[in-house]
Amino acid sequence: GAGVSQSPSNKVTEKGKDVELRCDPISGHTALYWYRQSLGQGLEFLIYFQGNSAPDKSGLPSDRFSAERTGGSVSTLTIQRTQQEDSAVYLCASSLALVGGSSYEQYFGPGTRLTVT
Amino acid sequence: GENVEQHPSTLSVQEGDSAVIKCTYSDSASNYFPWYKQELGKRPQLIIDIRSNVGEKKDQRIAVTLNKTAKHFSLHITETQPEDSAVYFCAAALSGSARQLTFGSGTQLTVLP
């Protein structure tokens, strides 16, 4: 079946503009995660959605960052008033996480490379 | 919250030699430890994971060991091949909770032919 998909694959935007990044998780996966990976760096957790529960937003670096997950499937990460330091690869992952159960493998999408000029 | 430290940040080995990457974690309640491999320009992919009810797990040339007392776990790759060259990330999580994985900073492994 199809894996996690993300769009666009690349986005170049001017400083101060808003951007929206999209993630389509694997069908049936209840958990969805957003990470940021700066050049040569590790994976920085941003936000986590699990089913209909309130999202864990503890990793969002500022109030310019927000995310939604509609209908428990597709998610959109929005960055308002982009800054140059927002330039990074934004990775989405999904998993069959079951509340109260065991953690499952996170399947990553190909990422969106964001460049803020 | 959880903090995962990983070292070395870079590692070069000759083809056929073994490679070892080590991670430590801070939250003694963590009990799920996966390892991800990320080839250049590609997405991270799970290569092996271990849960705290076991001390070691092997899958062909890859093995992971866990020492819960010391709060550290390691990835061992034997008989390394050029295609093993990639960035490897360790991670820790509390299984069964809503917490996400906390990743280490990554190790760039280069296998020299």
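What to note about this one:
- When each of B:Lys22/B:Lys71; B:Lys37/B:Lys71; B:Lys22/B:Lys58; B:Lys22/B:Lys68 is checked by Cα-Cα distance, pairs over 20 Å: B:Lys37/B:Lys71
- Taking the DSSP beta bridges with both ends in chain B, the antiparallel portion is around 90 percent.
- Calculated over the range B:42-113, the projected area of the Cα convex hull averaged across directions stands at 5.8 nm².
- Stokes-Einstein diffusion for chain A at 25 °C, viscosity 0.890 mPa s, with a Kirkwood radius from C-alpha pairs, works out to 172 µm²/s.
- Residue order, fewest to most surrounding Cβ atoms within 10 angstrom, among A:Tyr90, A:Tyr104: A:Tyr104, A:Tyr90
- Radius 14 Å from Cβ of A:Thr115, net charge of other residues (Lys, Arg +1; Asp, Glu -1): +2
- Stretch gain in nm, segment A:Gln83-A:Ser66, where the contour uses 0.36 nm per residue and the Cα spacing is subtracted: 4.6 nm
- Counting charges near B:Leu75 (Lys, Arg +1; Asp, Glu -1) among other residues having Cβ under 13 Å from its Cβ returns a value of +1.
- Antiparallel bridge percentage (DSSP; both residues within the protein assembly as shown; nearest 5): 90 percent
- Comparing A:Thr78, A:Thr70, A:Thr30 in a Gaussian network model of chain A (Cα springs below 10 Å), the most mobile by mean-square fluctuation is A:Thr70.
- Modelled this way, with points 7 Å down the Cα-to-C-beta line, the labels at B:His72 and B:Leu40 are 3.1 nm from one another.
- Net charge, B:Thr65 excluded, C-beta distance under 10 Å - Lys, Arg +1, Asp, Glu -1: +2
- Put simply, the protein assembly as shown fits an ellipsoid with semi-axes of 29, 21, 15 Å; these come from the alpha carbon gyration tensor as the roots of five times its eigenvalues, largest first.
None of the figures in this text is laboratory data; all of them are computed from the coordinates on show. Bear in mind that the values here come from a model prediction, so they are computed numbers and not experimental data. Using ideal geometry, Cβ is built from the backbone for each residue, glycine included, and neighbour counts are taken over all protein chains shown.
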